[in-house]
Amino acid sequence: MGDGRAPSRTLVRVQELHDAPLAPLTTFRLGGPAARLRTATTDDEVVAAVREADASGTPLLIVGGGSNLVIADEGFPGTALRIATRGFELTGTRLELAAGENWSDAVARTVDAGLAGVECLAGIPGSAGATPIQNVGAYGQEVSSTVTEVVAYDRHTGRTVTLPNAECGFAYRHSRFKADPSRYVVLRVRFQLEDAGGLSAPLKYAETARVLGVEPGDRVPAQTARETVLKLRAGKGMVLDPEDHDTWSAGSFFTNPVLDEAEFEAFTARVAERLGRDVAAPAFPAGEGRTKTSAAWLIDRAGFTKGYGTGPARISTKHTLALTNRGDATTADLLALAREVRDGVREAFGVTLVNEPVTVGCAL
Ligand SMILES: Cc1cc2nc3c(=O)[nH]c(=O)nc-3n(C[C@H](O)[C@H](O)[C@H](O)COP(=O)(O)OP(=O)(O)OC[C@H]3O[C@@H](n4cnc5c(N)ncnc54)[C@H](O)[C@@H]3O)c2cc1C
């Protein structure tokens, strides 16, 4: 599809179901049905379905891999559009992915091709098209470091646009796409990878370096970095496994709080008061005098330890940051747990946690 021009308006047929369950399309396996579920397998089908929904004023929900979605038990009263486009094009060190490509599979293919840049993002579930939405990141890498352009359908202008990295508004678990969710539908994502002779990008994450017996900043074979990350993730329930309820989640349920100077001072005082002067909360510089602390640490220290809960929604037994469906939870159960954790952390430390997954028809 050419940039800047309106995509063809020729008749495209998009697969459609009515009153279709959405829960099986999410990793939480929660939420009621969509009035209409459409599946688009080409960019033209995506654009046609979006245009049709917009022209009729029907609410629209874009669904990729459903790994960052919390859908209300009442379901979604409009059109849920599932993006199932395919396309993996590697030209030298430049990669273009269709939005519907499976992200983790695409990462594996780049590593097999001997390239570096996204190897530490292996195992993140979901689609390539969703990666720019919250600027996915893990183990010292974020897609904002390698994304060069995002090709998206702009619902405001009805045209396809190519947004260079600098115009994507990337920040920690945020982007212009997340800030304005009713505007852009991502069709393709372009990346610039690195040929480091089969080596990874310099490792930024202390845990990965430690496990590999190297120093942060060192490079290791990209395949080794990918496999190590997958192993670390699996140990935390962060690789999808249908048999393991610890992975019936959206990964981290809360983002790490970023505090300004005054907030951090007040927070440090609360930590000292509650846990003693010798206890220091995790603190990482986050630019402009701000400090990032760890949501997992706050949750744990507020008394919500691994496996917390007695109902059908509980904290993962492997990671305090993942809220999970033990099999027969409802979205209401999940949200009740999330509120309990958020409120408990606020009471203990004066910090309000913010949910990372996107809520649809419900809120914390
Ligand atoms: C076990 C587990 C581990 C995880 N680990 C991580 C991690 O380490 N790091 C991390 O950052 N995230 C992580 N996540 C969260 C999630 O996998 C990512 O946010 C992922 O990018 C979501 O992709 P998706 O295709 O499943 O998006 P969905 O859940 O389908 O959608 C998420 C949001 O993006 C929108 N969206 C999806 N596709 C498009 C598109 N093409 N155009 C416009 N909007 C779109 C949706 O409307 C929705 O608002 C984890 C999740 C799970 C379940």
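The values are calculated or read from the model by the stated rules, or taken from the named source; none is laboratory data. Everything quoted here is computed from the prediction, not taken from an experiment. As a convention, Cβ positions derive from the backbone with ideal geometry for all residues, glycine included, and neighbour counts pool all protein chains shown.
Looking only at segment 275-301, which residues are under 24 Å from VAL70 (Cα atoms) and not in a helix (DSSP H, G or I)? Working first, answer last.
Going residue by residue through segment 275-301, those that are under 24 Å from VAL70 (Cα atoms) are 294-300.
If the condition is that a residue be under 24 Å from VAL70 (Cα atoms) and not in a helix (DSSP H, G or I), then SER294 is the only one that fits.
Of the residues THR291, THR359, THR305, the single one that is at pLDDT 95 or above, under 21 Å from ASP73 (Cα atoms) and out of contact with any Gly (no Cβ under 9 Å at 6 or more places or on another chain) is THR359.
Of the residues LEU335, LEU353, the single one that is assigned to a helix (DSSP H, G or I) and among the aliphatic types (A, V, I, L, M) is LEU335.
The residue that is farthest from the ligand (Cβ to nearest atom), among those in segment 232-248 that are in a loop (DSSP other than H, G, I, E, B) and in contact with a Gly (Cβ under 7 Å, 6 or more places away or on another chain), is ASP244.
Check whether at least one residue in segment 210-228 is in contact (Cβ under 8 Å) with a residue 24 or more places away in the chain and closer than 30 Å to THR352 by Cα, and report yes or no. No.
Output the residues belonging to segment 92-107 that are without any contact (Cβ under 8 Å) to a residue 24 or more places away in the chain and near the ligand (Cβ under 10 Å from one of its atoms). Within segment 92-107, SER104 is the sole residue that qualifies. For segment 125-140, filtering for residues that are within 6 Å of the ligand (Cβ to nearest atom) and either surrounded by fewer than 22 Cβ atoms within 10 Å (Cβ to Cβ) or in a loop (DSSP other than H, G, I, E, B) (or both) leaves 8.
Restricting attention to segment 56-69, and to residues there that are over 12 Å from the mean Cα position of the chain (by Cα) and within 12 Å of the ligand (Cβ to nearest atom), which single residue is surrounded by the most Cβ atoms within 10 Å (Cβ to Cβ)?
ILE62
Scanning segment 327-356 for residues that are surrounded by fewer than 16 Cβ atoms within 10 Å (Cβ to Cβ) and under 15 Å from ALA250 (Cβ atoms) yields a single hit, VAL354. Scanning segment 221-250 for residues that are among the basic types (Lys, Arg) and either more than 18 Å from LEU121 (Cβ to Cβ) or out of contact with any Lys or Arg (no Cβ under 6 Å at 6 or more places or on another chain) (or both) turns up ARG226, LYS231, ARG233. Condition check for VAL143 on (1) under 19 Å from ARG82 (Cα atoms); (2) without any contact (Cβ under 8 Å) to a residue 60 or more places away in the chain; (3) within 9 Å of the ligand (Cβ to nearest atom): one failure, at (1). For segment 173-193, enumerate the residues that are within 11 Å of the ligand (Cβ to nearest atom) and in contact with a helix residue (DSSP H, G or I) (Cβ under 7 Å, 6 or more places away or on another chain). Once the filter is applied, which keeps residues that are within 11 Å of the ligand (Cβ to nearest atom) and in contact with a helix residue (DSSP H, G or I) (Cβ under 7 Å, 6 or more places away or on another chain), segment 173-193 yields TYR184, VAL185, VAL186, LEU187, VAL189. Only one residue in GLY309, GLY289, GLY276 is closer than 30 Å to PRO132 by Cβ and without any contact (Cβ under 8 Å) to a residue 40 or more places away in the chain. Which one? Selected residue: GLY289, the only one of GLY309, GLY289, GLY276 that is closer than 30 Å to PRO132 by Cβ and without any contact (Cβ under 8 Å) to a residue 40 or more places away in the chain. For ILE315, only one of the following conditions fails: (1) away from the ligand (no atom under 16 Å from the Cβ); (2) crowded, with 23+ Cβ neighbours inside 10 Å; (3) farther than 22 Å from HIS174 by Cβ. What is its number? Among (1) away from the ligand (no atom under 16 Å from the Cβ); (2) crowded, with 23+ Cβ neighbours inside 10 Å; (3) farther than 22 Å from HIS174 by Cβ, ILE315 violates only (1).
One line per residue, one yes/no per condition, for (1) more than 30 Å from ASP19 (Cβ to Cβ); (2) of a type in the set (D, E, K, R); (3) more than 9 Å from the ligand (Cβ to nearest atom); (4) part of a loop (DSSP other than H, G, I, E, B):
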{"site": "GLU74", "(1), (2), (3), (4)": "no, yes, yes, yes"}
{"site": "THR79", "(1), (2), (3), (4)": "no, no, yes, no"}
{"site": "THR85", "(1), (2), (3), (4)": "no, no, no, yes"}
{"site": "LEU90", "(1), (2), (3), (4)": "yes, no, yes, no"}
{"site": "ARG109", "(1), (2), (3), (4)": "yes, yes, yes, no"}
{"site": "GLY123", "(1), (2), (3), (4)": "yes, no, no, yes"}
{"site": "VAL151", "(1), (2), (3), (4)": "yes, no, yes, no"}
{"site": "THR160", "(1), (2), (3), (4)": "yes, no, yes, no"}
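Contact annotation: no residue pair with Cβ atoms under 9 Å, 6 or more positions apart or on different chains, pairs a residue in segment 154-180 that is assigned by TED's automatic domain parsing to the domain that holds ALA55 and closer than 26 Å to ASN355 by Cβ with a partner that is of a type outside the set (A, V, I, L, M) and away from the ligand (no atom under 12 Å from the Cβ).
Pick from THR268, THR255: which is within 16 Å of the ligand (Cβ to nearest atom), closer than 15 Å to VAL345 by Cα, in the same structural domain as ASN325 (by TED's automatic domain parsing) and surrounded by 14 or more Cβ atoms within 10 Å (Cβ to Cβ)?
Numbers: THR268 fails: within 16 Å of the ligand (Cβ to nearest atom).
Result of the check over THR268, THR255: THR255.
Among the residues of segment 1-54, the one identified as more than 13 Å from the ligand (Cβ to nearest atom), modelled with pLDDT of 80 or more and in contact with a helix residue (DSSP H, G or I) (Cβ under 6 Å, 6 or more places away or on another chain) is ARG38.
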